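Enquirer: Here it is: the structure, laid out below.
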Amino acid sequence: MAEYKWPAPAERTLIGKRISRVDGAVKVSGHAKYSYDYNPKGLLFGKVLRCPHAHARVTSIDTSAAEKMAGIKAVQIVQKPGTEVLWQGDDIVAVAAVDEPTAEDAIRAIQVKYEVLPHNVSDAEPPAGAGEGPAGPMTEDDLENALGNQVPDAQVISDLQKRGVTFQVTDDMTKELKGYGVSDAVINALKAAAYHPEAASQPRSPYQKMAAQTQGDPDKGFASAEVTSEGVYGAPVITHCCLETHGSAAEWPSSDHLLVHCSTQGVSGLPDQYAQALKIPAGNVRAHQDHIGGGFGSKFSPDRWGIATAQLSKSAGGKPVKYMLERDSELMTAGARPSAYARVKVAAKGDGTLVAWQSDSWGTGGPAGAGSPPLPYVFEIPNQRKQHTAVRTNQGPARAWRAPNHPQAAVITMCALDDLAHKLNMDPVEFFAKNLDMTGPRAPIYKEELPLAAELMGWKQKWHPRGDKSEGPIKRGVGLSMHTWGGRGHASNCLLSIHPDGSVDIKMGSQDLGTGTRTAILIVAADSLGIPMNAITLNIGDTMYPPDGGSGGSTTIGGVSSSTRRAALMALDQLFAKVAPALKAQPADLEARDGTVRVKSEPSRSLSWKQACAKLGAMPLSVTGKNPGPGNLINSGVGGVGMADVSVDTETGIVKVNKMVAVQDCGLVINLKTAESQCYGALIMGISYALYEEKVLDPVTGRMLNPNMEFYRLAGLRDIPELMVHMMTDPLNENRGVIGLGEPPVISPGAAISNAVANAIGVRVPFLPLTPDRVLAALEQQQKAGA
Amino acid sequence: MADDDEKTSSGVSRREFLKISGIAAAVPLVAPQMVEAAGEKVPVYGPGKAPMSFTINGKRYSAQLEPRVTLLDALRDQFDLTGSKRVCDRAECGACTVLLNNKPVYACTVLAIEAQHQPITTIESLSQGGKLHPIQAAFVQHDAQQCGFCTPGFVMACKSFLDQHPHATEEQIRYHLNGNLCRCGTYKGIREVIAQMSGTKGA
Ligand code: FES
Ligand code: FES
C-alpha cells in the first residue's frame, strides 16, 4: 500500500517549479472556446427584457407583437404579472430568435406595465435606534442571507424558533438546502418553524440589526487604555465585472435531456440546479465548459436567465439557444460585493498593546441585506463589543466576491489600527509586530512575513510619521495590512487510467478558472508517475467526468492536487504489482521515475514506462483518487502581508500607486509560476477596487449610473506600478501540505493603499475607492480642523 | 410563433435560394436604394439584410447581414472566428481588437458594412500551423494570461504596437496599451512581454 504523502523536496521533478500553463497556447491563439463562443449550426440567440425600475410590481405583459415577428422562435415569461421586482435589470421576458438583431427587435416590441414602488438604494449609516426591536418572521431572503454569510447554525436555529418564517417550507426546498450542505439541525428547525404567511406582505424596516456580540469586558478594557482612536471606515458595493459575462447555451438533444454550455465556477454543481427548476432528473442534464472568462465568486448558479434559456430552447423544439448577458445587465444584476462600513473605537496601552475594540458596522448586500464582516480582522483583541446592521436595499443581489467579507473587514480593521498607531506615535510595522501574538495560530508566519515585506518595500527608508512634510503638492507615503484565509481543498474525484500502450488519461469534473488548475493537475500526475506532462491527456469541465467541487473560496488546488496525487499513487501500486515479476523484485521496491519503472536500490534494473504498461495485459487499469482521503496532503489557514507605496497629488486628489508588495504563504506550492500570477493579479485587482471601483446608484431613480466599462472603471496597464511578490516556500510551510491561494492576496491591497494615502497626506480618507473627490474632501476637512 | 423563416414565400429554403443566387455570381440580392445627399448619389443599405463580403486573414468571406451588424458580431456569429471577444461592446476594453488595414480597431465599434474591401486581420491568423507567433510565445512564457478572455485582444494590440514601436519606451507602453482591460490582472506579464520583444528592460 502506498503511503499518501508528497514527494520529498529532492525527489520533486515538477512540483514547486515554475511551469508555463498548459492551456497557454490555446488561449493566446484565440482558439480557446468559452461558453460565449459556442456556435453550433442553427444556434438561436436569446435576449431578455429587463425591469427598468429598482422596485416595482409587474402588472401586465403583452408579448403578442413579438411572437408574430419573423425570426422569433420562442418567448418565455420569466416573471409573471403580479411579481414584485426588487432591483433594476431583473429578468421579465426572454426571447429566442434567429439572430441577435431580431431578438433585440422583439424585446422592443414587448409591452410590460409596472406599478412602480418606492425604492431605497442608499447604504448610508442607519439612523440611531433604527431596526431595533424584535425582528419579524424570516423571509426566504433572510434565511438565504444567514446561510450564505456563515451565520453560526446555533443562531440560525434560534432565529427560526423565535421568529418563525413567512414562507411555506416544502420538501423541495429542504432537499435543495441539504444539497448545499445545510446541516440537519438547521433543516429540522426550519421544518418546525412557525409559519406566518401574513407577515410576508407587511412593510419591513430596511434595517436588520443583528445581536451584539461581546467578548471579555470592553468597558474595563477601554478604561484601562492609555490611547484610544475613533474613526469611520468602509468600502462600497462593487461588482465582479467578469469579462466573459454570465450566460449559457442550452439545447435539448431529446425531450427530457438537457445539454448546457454554461460559464460557471462549478460544472458538477449545475445539473441539480437545472433539474430542480426544470423538473427533470439531474442525471439527464449534461453541463460542459472548456474555459471561463472570469467568475470571482459570482458564477455558481445557472441563474434566472440560464433557466429561461433552457426553457426557450425547449419551446424552440430543443434547438440550441445562447444567451449571454450584455455588459450593462452584467454590472446591474450579475453580482455585487456587499458594502461594509463601521464606526470603530480601538484602544491600546501606551506601549502599543491592543486592549479593546468596539465597532458598529453596517452594509448592504441588496434586497437580502448582508452578513457582518469578521471584525476585528486578524487580531483577536481581548475585549470587544460589536454590532452589525444589515441594510436592505434595491441594489442588485450580493454574490460572493473573491474572499467574501474579508477585504471589507481588512479596510475597517487595518485602517483603524493604522490610525491608532498614528495616535501612539508608532511606526505601524512596529505596532503590528507588537500585537502579533493576538493573531492566533498564524502568528509565527506573520512574524516572518512582516519584516520580510518591510524589507521588500524599503519601509525603513520610506516610512515617515503621518503627513509627508516635503515641498510641493505631491505627497508620498507607505501603508500596510495583513490578512488570513482558510483555503482547505474541496471534495474531488480524479479518475486516472493507465493503458497497456503506455498512455495515461485523467477525467475530472473540475474547471480551470484561469488559476492554472489544468496545469496543476498535470504537474502532480506527471511528477507522481515519473512521466512528462504531455504524456498525459487531461479531461475536465464536463459532468460526464467524476464530480468535483466548485471553484470558490480557494478550495480547488487542495482538492484537485490531493485527489490526483492519491490516484497516481494508487495506480502505481497496481502497476507495480503487475511489473514486479518481470523485474524480479517486490512491488514495494519499485519506483516510477524518468519515464521508467525501476528498482529503487538498483535503478539500472528497469523497464521503460511503455514496456511496464504492456504488462497490464489487455485491460487498462483505472483508479479514482479522492479528496478527502488517506494521508495529510492538504491543510487550511494562511496569513499574508500587503504593503503599498503611493503618491498623492494634493491639488488634484489623484492617487498613484508606486509599488506594491505581497508576502504570502500557502503551504506547498504546486506551480510557482501560476501561484505568483495569482498574487500579482490580486494586487492589480486590489489597486482597482482601492482606487476606482464603485457601483454607483442614483438615489432618485434607483438605477445604476455606471453600468459600462467607461464609468465602472477597472485599473488599466498604466495604473500598475512595480509589484513584488514573495511566496513563503520554506520546508516548514511546505510540510503543511497544499492550501488555496486565490482569495488571500486580494484582501490587503485596499487597506494598505488607504493607509499609505493617510501616511502621505496626513489625514484619513474614510471610504474606498480613494477617488480624487474623496481625497480632496478629506484634505479640506483637515484644513478646516487645522484653521 | 412566426413561420419558419428558413423558407421563403416561394417555398424555396433560404439555403437553396442562396445556392441559386450564387450561380448569378456578383449580382447583389437587394440592390441598394440610391438617395441624394449633399449633391451626390449615395447608396443606402437596409433595413433588412444586404450581401457583404470581406477579406479576413487573406481569405474571402461573404454573408447576408443587416447594416447594423458590427464587424465583431459578423466575425463571431457568421464566420465562427470567436477569438475576438465581446466584452463591453462600446470601445472601452479592447477585447475585440482586430487589425483593419493593418491598424488596430475595436471591432465592436466598426460596422461590418464599413469593413468591406479592406484587409481584416484577426487573432486566428497569428499562429500558423500550430506554431505561435513570438509575441504569443512570450505571452505564454511570462504567464500574461489567466482566464484568457482579454488575451486575444491584448495580443493583437501588442502586435500592432510593437510593429509601430519596435523599441518602445515605458511612456509609449503606458500610453498605447492602456486601451485594453484585463480583470484577472495580467498587466505585469504583458509588460514583460513587451519588454522582451522590444529588448528594453521595461516592467
Ligand atoms: S468589446 Fe470592443 S472594446 Fe470592448
Ligand atoms: S486574463 Fe482574465 S481578463 Fe485578462
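The values are calculated or read from the model by the stated rules, or taken from the named source; none is laboratory data. All values derive from a computational prediction rather than experimental measurement. So basically every Cβ, Gly included, is an ideal-geometry build from the backbone, and we count neighbours across all protein chains shown. These accessible areas exclude ligands, DNA and RNA; they are computed on the full protein's heavy atoms, side chains included. Shrake-Rupley method; radii C 1.70, N 1.55, O 1.52, S 1.80 Å.
Enquirer: Take the conditions surrounded by fewer than 17 Cβ atoms within 10 Å (Cβ to Cβ) and acidic (Asp, Glu) and apply them to A:ASP527. Does it pass?
Expert: Here the answer is no, as A:ASP527 does not meet what is asked.
Enquirer: Residues in segment A:128-140: is at least one at pLDDT below 95 and of a type in the set (D, E, K, R)? Can you show your working first?
Expert: The initial filter retains those residues of segment A:128-140 that are at pLDDT below 95, namely A:128-140.
Pick out the ones that are also of a type in the set (D, E, K, R) and you get A:132, A:140.
Yes, because at least one residue in segment A:128-140 is at pLDDT below 95 and of a type in the set (D, E, K, R).
Enquirer: Next question. Taking the stated definitions as given, is B:ALA107 surrounded by fewer than 24 Cβ atoms within 10 Å (Cβ to Cβ), aliphatic (A, V, I, L, M) and more than 10 Å from chain A (Cβ to nearest Cβ)?
Expert: Working: surrounded by fewer than 24 Cβ atoms within 10 Å (Cβ to Cβ): no; aliphatic (A, V, I, L, M): yes; more than 10 Å from chain A (Cβ to nearest Cβ): yes.
Spelling it out, it is not the case that B:ALA107 is surrounded by fewer than 24 Cβ atoms within 10 Å (Cβ to Cβ), aliphatic (A, V, I, L, M) and more than 10 Å from chain A (Cβ to nearest Cβ).
Enquirer: Out of the residues in segment B:115-163 meeting the condition of being polar (S, T, N, Q) and facing chain A (nearest Cβ under 8 Å), tell me which one is most open to solvent (accessible area, probe 1.4 Å).
Expert: B:GLN141
Enquirer: For segment A:290-302, name all the residues that are away from every other protein chain (no Cβ under 14 Å) and surrounded by fewer than 24 Cβ atoms within 10 Å (Cβ to Cβ).
Expert: The answer is A:PHE300, A:SER301.
Enquirer: Continuing with the same structure: Looking at segment B:150-171 only, could you name the residues that are within 30 Å of A:SER35 (Cα to Cα), out of contact with any helix residue (DSSP H, G or I) (no Cβ under 7 Å at 6 or more places or on another chain) and away from ligand 2 (no atom under 16 Å from the Cβ)?
Expert: Keep residues of segment B:150-171 that are within 30 Å of A:SER35 (Cα to Cα), which gives B:150-161.
Among the residues that remain, those that are also out of contact with any helix residue (DSSP H, G or I) (no Cβ under 7 Å at 6 or more places or on another chain) are: B:150, B:153, B:160.
The answer is B:SER160, and nothing else.
Enquirer: Do we find that B:GLU114 is of a type outside the set (Val, Ile, Thr), over 15 Å from B:MET156 (Cβ atoms) and within 13 Å of ligand 1 (Cβ to nearest atom) in this structure?
Expert: Numbers: of a type outside the set (Val, Ile, Thr): yes; over 15 Å from B:MET156 (Cβ atoms): yes; within 13 Å of ligand 1 (Cβ to nearest atom): no.
So B:GLU114 does not fit the description; no.
Enquirer: What about B:CYS96, is it touching a Gly at 6+ places or on another chain (Cβ under 7 Å) and either closer than 30 Å to A:CYS679 by Cα or within 13 Å of ligand 2 (Cβ to nearest atom) (or both)?
Expert: So B:CYS96 fits the description; yes.
Enquirer: Moving on to the next point. Hey, could you check segment B:169-195 for residues that are within 11 Å of chain A (Cβ to nearest Cβ) and not in a helix (DSSP H, G or I) and say which is surrounded by the most Cβ atoms within 10 Å (Cβ to Cβ)?
Expert: Here the answer is B:CYS182.
Enquirer: Go through (1) under 27 Å from the mean Cα position of the chain (by Cα); (2) surrounded by 19 or more Cβ atoms within 10 Å (Cβ to Cβ) for A:THR166 and report which single condition fails.
Expert: (1)
Enquirer: Among the residues of segment A:401-417, write down those that are assigned to a helix (DSSP H, G or I), open to solvent by 10 Å² or more (accessible area, probe 1.4 Å) and touching a Gly at 6+ places or on another chain (Cβ under 8 Å).
Expert: none
Enquirer: Let me ask you something else. Is it the case that segment B:36-47 has a residue that's open to solvent by less than 70 Å² (accessible area, probe 1.4 Å), more than 14 Å from ligand 1 (Cβ to nearest atom), in contact (Cβ under 8 Å) with a residue 24 or more places away in the chain and more than 11 Å from chain A (Cβ to nearest Cβ)?
Expert: No, segment B:36-47 contains no residue that is open to solvent by less than 70 Å² (accessible area, probe 1.4 Å), more than 14 Å from ligand 1 (Cβ to nearest atom), in contact (Cβ under 8 Å) with a residue 24 or more places away in the chain and more than 11 Å from chain A (Cβ to nearest Cβ).
Enquirer: Same structure, new question: Scan segment B:87-98 for residues that are buried (at least 24 other Cβ atoms within 10 Å of the Cβ) and near ligand 1 (Cβ under 7 Å from one of its atoms) and jot them down.
Expert: Across segment B:87-98, the qualifying residues are B:VAL87, B:CYS88, B:CYS93, B:GLY94, B:ALA95, B:CYS96.
Enquirer: Sticking with this structure for a sec: B:ARG174: within 16 Å of ligand 2 (Cβ to nearest atom), among the basic types (Lys, Arg) and free of Cβ contacts under 8 Å to residues at least 24 places away in the same chain, yes or no? Steps first, answer last, please.
Expert: Working: within 16 Å of ligand 2 (Cβ to nearest atom): no; among the basic types (Lys, Arg): yes; free of Cβ contacts under 8 Å to residues at least 24 places away in the same chain: yes.
No, not satisfied.
Enquirer: Return yes or no: is B:SER198 more than 10 Å from every other protein chain (Cβ to nearest Cβ), within 16 Å of ligand 1 (Cβ to nearest atom) and more than 18 Å from B:ALA74 (Cβ to Cβ)?
Expert: no
So that you can scan it fast, the table gives a plain yes or no per residue for (1) hydrophobic (A, V, I, L, M, F, W, C); (2) touching a residue at least 24 places away in the same chain (Cβ under 8 Å); (3) assigned by TED's automatic domain parsing to the domain that holds A:HIS483; (4) within 16 Å of ligand 1 (Cβ to nearest atom):
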site: A:GLY716; (1), (2), (3), (4): no, no, yes, yes
site: A:PRO721; (1), (2), (3), (4): no, yes, yes, no
site: A:MET724; (1), (2), (3), (4): yes, yes, yes, no
site: A:VAL738; (1), (2), (3), (4): yes, yes, yes, no
site: A:GLY742; (1), (2), (3), (4): no, yes, yes, no
site: A:VAL746; (1), (2), (3), (4): yes, yes, yes, no
site: A:GLY750; (1), (2), (3), (4): no, yes, yes, no
site: A:SER754; (1), (2), (3), (4): no, yes, yes, no
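Enquirer: Identify the single condition in (1) outside any helix (DSSP H, G or I); (2) open to solvent by 10 Å² or more (accessible area, probe 1.4 Å); (3) within 24 Å of A:ALA675 (Cα to Cα); (4) of a type outside the set (S, T, N, Q) that B:PRO166 does not satisfy, given that it satisfies every other one.
Expert: Among (1) outside any helix (DSSP H, G or I); (2) open to solvent by 10 Å² or more (accessible area, probe 1.4 Å); (3) within 24 Å of A:ALA675 (Cα to Cα); (4) of a type outside the set (S, T, N, Q), B:PRO166 violates only (3).
Enquirer: Which one is nearest to ligand 1 (Cβ to nearest atom), of the residues in segment A:494-512 that are within 19 Å of A:ALA287 (Cβ to Cβ) and open to solvent by 30 Å² or more (accessible area, probe 1.4 Å)?
Expert: A:LYS507
Enquirer: Then there's this: Any chance you could count how many residues in segment B:109-149 are of a type in the set (D, E, K, R), away from ligand 2 (no atom under 16 Å from the Cβ) and more than 22 Å from B:ASP163 (Cβ to Cβ)?
Expert: Residues flagged as of a type in the set (D, E, K, R), away from ligand 2 (no atom under 16 Å from the Cβ) and more than 22 Å from B:ASP163 (Cβ to Cβ) within segment B:109-149 amount to 1.
Enquirer: Could you figure out which of (1) within 16 Å of ligand 1 (Cβ to nearest atom); (2) out of contact with any strand residue (DSSP E or B) (no Cβ under 8 Å at 6 or more places or on another chain) isn't true of A:GLY352?
Expert: Only one criterion is unmet by A:GLY352, namely (1).
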